[in-house]
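The structure appears right after this line, and notes come after that.
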Amino acid sequence: MAPQTKADRSFGGLTPVLSPWVLEAVDAMGFAKTTPVQHAAIPMFMKNSDVVVEAVTGSGKTLAFLIPIVERLLRLDAPLKKHHVGAIIISPTRELATQINTVLCSLLKFHAPSAAALEPEDEDSDMEDADAPPKPTFPAGTLKVVPQLLLGGSVTPAQDLSAFLKKQTNVLIGTPGRLLELLSSRHVHCSSSFDALVLDEADRLLDLGFKDDLQKILSRLPKQRRTGLFSASVSEAVDQLIRVGLRNPVRIAVKVKARAAENGQIEDKRTPASLQMSYLVAPPSHKLPAIKQILEKVQPQPQKTIFYLATCFAVDYFQHVLPEVLKGHTIVPLHGKHPDKVRRKNFSKFVDSVTPSVLITTDVAARGLDIPSVDLVLQLDPPSDPKTFIHRCGRAGRAGRKGLAVTFLTPGLEEDYVEFLRVRQTPVAPLTSPSIDVTPEDITKITNAIRKVAKTDRAIYDKAQRGFVSWVRAYSKHTASSIFRVEDLDWSELGTAWGLLRLPRMPETKKWEGDKSLGVTMDFDAFAYKDKVREQQRQTELAEAAAQGSGGKKFVKENKLAKAWTQQKDHKALKELRREKKVAKREHDRRANMTEEEKKKEEELDKMIAQMRKKVKQTEADEEEDEFKGFDD
Ligand SMILES: Nc1ncnc2c1ncn2[C@@H]1O[C@H](COP(=O)(O)OP(=O)(O)OP(=O)(O)O)[C@@H](O)[C@H]1O
């Protein structure tokens, strides 16, 4: 067959030729042509090459690795043996793993033997539905792909193993921890028939401190395998991973060419052309009024908006006050500290919503999530990691669809962020349409609306204080520390912008001589929790404090917090210890049988892990610190 020309971007023109059922599937999905990354990566990954693929957000990377995986597994000479894994896809978040599994299942619906294996068995019913078509049967030895999603959370590792054994799954998709648990079972085999490993959003996997787990997963897989690394941004850390985990990989980088606004020259961009990336210079108190206007003025009206905040605690607070500010929008919170059930429920609520909705979230939702109808991305502040900036914006403007991303920058130093992004091939332009005009009345109206909500329940006030402290902490850790300087923050402006009832006590504001009451007069001792039990507890503590004299109140509160915190940490530490002990024994046996070269690689990885651990520990320590700060005496 003649090689595919540049003009021929059809799936049918790819070499090696794709199976008819795959062509039928992509056709049914409405994809007439391959995207550039699919055009380049599918042929390579279908051969025996390891690949490192870097392509802009929303460019179709998921099918670029799923199609080669299924095609190769279905072309094996014989089916994989019972309880043998053929491919593994590792994802940094549960949401992303779920999404990959959904795309894979949609694809496999077009492959009859795999589709039959996907169908849930009706365990409760022993009556045959007379009208239902008979279930298709396939001769023994028919090749099929049976995926399994491994997420942790609601399902136990034992249930995962039981599903693996019962359904005889052969493609595993999941987050590193749970994948590792399953692979550690002696019933799960990744032998010479193992074909491919994919690391999706590899740099995020490393950022989240999964290096240790990744290394262990790699060590359980045969060396003769294909490995693919897919991301919208490949960092230096990923380069290290490539050295130890991949063999002479083919590098595929799909960049977007764009004309620079300032000099008209064509330059590489790391973001899709359909995405308008803009910024608005506005003091903190102008941001929420501006967001309200953007949501009202953008045409057509955005149905799905993602609004990024710096921390989980900030999300916990804004979920209570934003419904008052952004009336007519459903506000859905999502962050990494939510229990798994809440996380899933809220994510579905946002995805399935048929009315205008705003997902308020942290970077847990910055990567890979494909919600095609997101038209608008708002960032209250730029993320501390510039790579995350691209990923956050990239939730809009996917697959050629028009999208708008707006980031707010405080006048003064923060404007330098524009140049900071430009040199990282991420040009942003000032927001010109819609035009935004914030008046002092708009600000007062919004601050008052927020304060009114906060005054209804002391719990919301607590969340505001905690959220604000965590935000300051996040701000102080910005990578571009010369642009984002805590010393330059205007506390009074920020207090107004957040609708705080007073500024929390924090080291950062210790020397600030402004009005910490932010002009709000209220009796904080009489400020009650809506929850009766909690309020009763507060009253008891107040009485205890009064009995102990001055300083007692603060002592009672901090003592209580410290106790709760310690119990939680003890439990976590114990769990972690047990897991480590289990894995350590296996690890010892494995290392005993290593060659010198393998030991060297292992040492290199150990060093990287140690560095990552240091980073993760620091982050955890900072979060713990937040638990104690931000409370008034
Ligand atoms: N060939 C195609 N033609 C048109 N749309 C496509 C094609 N392939 C995939 N898509 C659509 O493009 C969207 C983005 O795809 P996908 O989620 O795979 O992007 P991605 O490159 O992985 O993005 P990110 O880096 O943000 O994870 C999806 O909605 C998908 O259905």
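So the values come out like this:
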quantity: Yes/no for residue 27 being within 11 Å of the ligand (Cβ to nearest atom) and farther than 29 Å from residue 179 by Cα; calculated: yes
quantity: Which listed residue is open to solvent by 40 Å² or more (accessible area, probe 1.4 Å) and within 16 Å of the ligand (Cβ to nearest atom), from 399, 429, 405; calculated: 399
quantity: Residue list for the range 372-385, filter: open to solvent by 10 Å² or more (accessible area, probe 1.4 Å) and either closer than 14 Å to residue 231 by Cα or within 16 Å of the ligand (Cβ to nearest atom) (or both); calculated: 372, 373, 375, 385
quantity: Subset of the range 289-300 that is in contact with an Asp or Glu (Cβ under 9 Å, 6 or more places away or on another chain) and open to solvent by 10 Å² or more (accessible area, probe 1.4 Å) - its residue that is nearest to residue 355 (Cα to Cα); calculated: 300
quantity: Condition met for residue 42 (assigned to a strand (DSSP E or B) and modelled with pLDDT of 95 or more); calculated: no
quantity: Every residue from the range 83-98 that is open to solvent by 10 Å² or more (accessible area, probe 1.4 Å) and in a helix (DSSP H, G or I); calculated: 94, 95, 98
quantity: Residue list for the range 30-52, filter: among the small types (Gly, Ala, Ser) and within 12 Å of the ligand (Cβ to nearest atom); calculated: 30, 32, 41
quantity: The lone exception for residue 58 - which of (1) under 26 Å from residue 172 (Cβ atoms); (2) part of a loop (DSSP other than H, G, I, E, B); (3) away from the ligand (no atom under 15 Å from the Cβ) it fails; calculated: (3)
quantity: Considering residues of the range 319-344 that are surrounded by fewer than 19 Cβ atoms within 10 Å (Cβ to Cβ) and at pLDDT 90 or above only, the residue farthest from residue 373 (Cα to Cα); calculated: 324
quantity: Wholly enclosed helices (runs of 4 or more DSSP H) of the range 414-514 bearing at least 2 residues of a type outside the set (Phe, Trp, Tyr) and not assigned by the TED database to the domain that holds residue 289; calculated: 440-454, 458-476, 491-498
quantity: Residue in the range 72-82 that is over 21 Å from residue 221 (Cα atoms), at pLDDT 90 or above and either aliphatic (A, V, I, L, M) or part of a loop (DSSP other than H, G, I, E, B) (or both) present; calculated: no
quantity: When residues of the range 162-201 are limited to those that are of a type in the set (Val, Ile, Thr) and within 11 Å of residue 91 (Cα to Cα), the one farthest from the ligand (Cβ to nearest atom); calculated: 175
quantity: Of all residues making up the range 11-24, the number that are assigned to a helix (DSSP H, G or I) and away from the ligand (no atom under 11 Å from the Cβ); calculated: 7
quantity: All positions within the range 315-371 that are assigned to a loop (DSSP other than H, G, I, E, B), β-branched (Val, Ile, Thr) and within 16 Å of the ligand (Cβ to nearest atom); calculated: 371
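Each row is one residue, and each column tells you yes or no for (1) within 19 Å of residue 316 (Cβ to Cβ); (2) of a type in the set (Ser, Thr, Tyr); (3) touching a His at 6+ places or on another chain (Cβ under 6 Å); (4) open to solvent by 10 Å² or more (accessible area, probe 1.4 Å).
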site: 439; (1), (2), (3), (4): no, yes, no, yes
site: 459; (1), (2), (3), (4): yes, no, no, yes
site: 470; (1), (2), (3), (4): yes, yes, no, no
site: 473; (1), (2), (3), (4): yes, no, no, yes
site: 477; (1), (2), (3), (4): no, no, no, yes
site: 481; (1), (2), (3), (4): no, yes, no, yes
site: 484; (1), (2), (3), (4): no, no, yes, no
site: 488; (1), (2), (3), (4): no, no, no, yes
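The values are calculated or read from the model by the stated rules, or taken from the named source; none is laboratory data. This one's a predicted model, so the numbers in the text were calculated from it and none came from an experiment. Cβ coordinates were reconstructed from backbone atoms using ideal geometry, including for glycine residues, and neighbour counts include every protein chain displayed. Ligands, DNA and RNA are stripped out before the accessible areas are found, and what is left, the full protein with its side chains, is counted by its heavy atoms. Shrake-Rupley method; radii C 1.70, N 1.55, O 1.52, S 1.80 Å.
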